[in-house]
Structure formats: structure tokens, C-alpha cells
Amino acid sequence: MAVPIAILDCDLLLYGRGHRTLDRFKLEDVTDEYLVSMYGFPRQFIYYLVDLLGATLSRPTQRSRAISPETQILAALGFYTSGSFQTRMGDAIGISQASMSRCVANVTEALVERASQFIHFPEDEASVQSLKDDFYGLAGMPGVLGVIDCTHVAIKAPNAEDLSYVNRKGLHSLNCLMVCDARGALLSAETHWPGSLQDCTVLQQAALNSQFEAGLHKDGWLLGDSSFFLRTWLMTPLHIPETTAEYRYNMAHSATHSVIEQTFRTIRSRFRCLDGSKGTLQYSPEKSSHIILACCVLHNISLEHGLDVWSSPATGQMEQPEEEYEQMESLDSEACRIRRELLLTHFS
């Protein structure tokens, strides 16, 4: 009699009934040091994720040995932080590489579903003012709601005909637009843009642009580098500073904007699947975008749990392509007026 495919268990076939699995293994039986070395995070953080995602990951199944939410989360964290489906990672939690891949997909989607819960601008007046105060304390730049920049993450080539993901270095990538606060927590993350798009084009087409143009975030501005155009809500550095005030403005701008660069380094260092050291993300652009966003969610959750030590720069191969910028600031006269007033009021 034929055996229905639905009830076959690939892990049971690969390892047999005697194989030790993490479903029978208690987190309290190992040290935090072991968990951090294998999965990148300590016990209490993992417990929090189990509480947060457990209901979503406990889906009905016909399998007699469904993988527990705890094991799925450990498998996903192992991939995010190592960038690999190495045999030792699967062996450590007692599941096959195919099951590892399914776990990563499940946890990734569960985190993406909760992205707006953890990545957003503050809304109440007190939180917005605190945001500005934190930025002002860095280098004296007033009115800052966030610092903005783009970073590229390498992906496999979608297909031979699609050149939209080929960046200026000739590599396939996603160009990710992000905004962070003074502590490095992400306030916005759009991770799906093709690598061929320049930063200014990404912002022009982004949901973030629509939000600021619609006035959803008033009485302040973002800080962006010269890859973006000056806007009433986006202050950029002066191309050729001439006066003392202009030099002071540029110095304060640079010191404040460096937070987003440091944030990118921290994310790449913590989530090695993004840093290029293990190669490109071997997924479609859509799935790769979701993995990046899931890591962004975890980054913010880790900051909420006090895991906010700045990391050293990642050693991966994928860096943001250098671009040539055309200065077109004079196209927005109102933005120029606002910046001149900022110079006179705070840097003269």
C-alpha cells in the first residue's frame, strides 16, 4: 500500500528516532554563552521571541513531529547571525537543512508581519521632542527627527534578463532605505528596492517620501548626505562651505549623520547573513527583502532589551556602491531658505 507523502518526516528519515532534537532539549540546560555563540542572543531574548511569535509559528500540521516554535526561532537566529545553513547548525538543533530553510521562512514572515509594531516614528509630542533632544545632544543639530541613508545587500541574480538589480559595481543587490534615531533604533526601513536605483530615486519613490510630503511628520527634518536632494524636510550638507557658519553646519551634520552609518555596521556585524562574508542571499528579491526586514525588526527588539553595544565594522565583501552626485539644491527655493535660516539661527 502506498504511503501518503504528507506524513513522511524528512528529519526522521535522515536521523532516525534516536536522534537528539532541541524539542526534547531545554534552554535552561545550556549557558547564555553557548546560546550567544550559536544563535547570537541570550536566553531571555529567545524566550521573548517565543512569547511574541509562538502563536504564529504553532500552525496546525499533519506531521507527528512538528517543529516547535522554540526550535524554529533558534534555527532562524542561527541563520541570521551566521549567514549559513551549515550542517553543524542543523545538527545542533536536530533538524535537516530543508527543515532549517522552512524554519527561516516561517520566522521571517512572522517578524515581517510585526515590522510596523517595532519600526516606526514616535507619534506623541513628548516622544518626538525627546527624539530631537537626543539628536541635539550629539552635535548641536536642532530639529532632527532622524538620519537617513541607503545601504546595499547582495543577493543572487534573479535571472539573466533582469538587470534592475545590478548596482554600479556590477553586483546584484537590494538598495535598502533606512532612517534611525540617535541610539541607532530604526524608525523606517524599506528593503525591497532594486540595486540599480540611486539613493535619491529610491527616496523619491518610497513610502517615506509620501509621508513627509503629506506633512505626517511636522516641525522637524531628516538629515541625509549628498546622495539626496535638499528638501524642506530633508537637510543635506552644503556642497562647498565658505563661511564659518557653513563649516559649523557641515561638521554638526556629519557628526549627527554618522549614527546611521554606525547602525548599518552594527546590523551587518550582528546579522552576518547580510554582510556578504558568506556570499549573497540565495533567495528571490522578495524573500531576500523580507529577511533583511526581519533582521531590522530583531535589531530594534535587541535595543529594547538593552543589547545595544555598538559592534565593530563587519568584514563582508558587500559595501555600498559609491555614486556620483549632481547638486540640484536650488530647485527647491523653500528648502534653501529653511537651511539658510538654520545656519543663521544656530551656527552663526
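The values are calculated or read from the model by the stated rules, or taken from the named source; none is laboratory data. If you're wondering where the values come from, they're calculated on a predicted model, not measured in any experiment. Cβ sites come from the backbone with ideal geometry, for glycine too, and all protein chains shown count toward neighbours. Each accessible area value is taken on the protein alone, full model and side chains, heavy atoms only, with ligands, DNA and RNA left out. Shrake-Rupley method; radii C 1.70, N 1.55, O 1.52, S 1.80 Å.
If I take every Cα pair under 8 Å that is 6 or more residues apart in the range 98-205, average their sequence separation and divide by the length, what percent do I get for the relative contact order?
Numbers: 142 pairs, mean separation 24.3, N = 108.
It comes to 22 percent, rounded to a whole number.
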* Determine which lysines satisfy two conditions relative to K218: a Cα distance under 26 Å, and not lying fewer than 8 residues away in the same chain. => K132
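Can you give me the accessible area per residue for the range 114-192, using a 1.4 Å probe, in Å²?
Values: 3330 Å² over 79 residues.
On a per-residue basis, 42 Å².
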* How much of the accessible area of the range 180-224, in percent, comes from carbon and sulfur atoms when a 1.4 Å probe is used? -> 47
* Structure fact -> If amide H atoms are modeled at 1.01 Å from N in the peptide plane, then the residues at a separation of 5 or more from I155, or on another chain, having amide H under 5 Å from its own are H172, S173, L174, L281
* To do: Would you mind telling me the share, in percent, of accessible area of the range 110-153 contributed by carbon and sulfur at probe 1.4 angstrom?
  => 45
* Asked: Any idea how far apart S58 and D134 come out in nm if each label point goes 7 Å out from Cα toward Cβ?
  -> 3.4
* Structure fact -> For the range 237-276, dividing by residue count, accessible area per residue (probe 1.4 Å) in Å² works out to 44
* Run down the lysines and flag those whose C-alpha is under 22 Å from the C-alpha of K169, throwing out any fewer than 8 positions away in its chain. => K156, K278
* **Of all accessible heavy-atom area on the range 232-313, the percent that carbon and sulfur account for (1.4 Å)** => 52
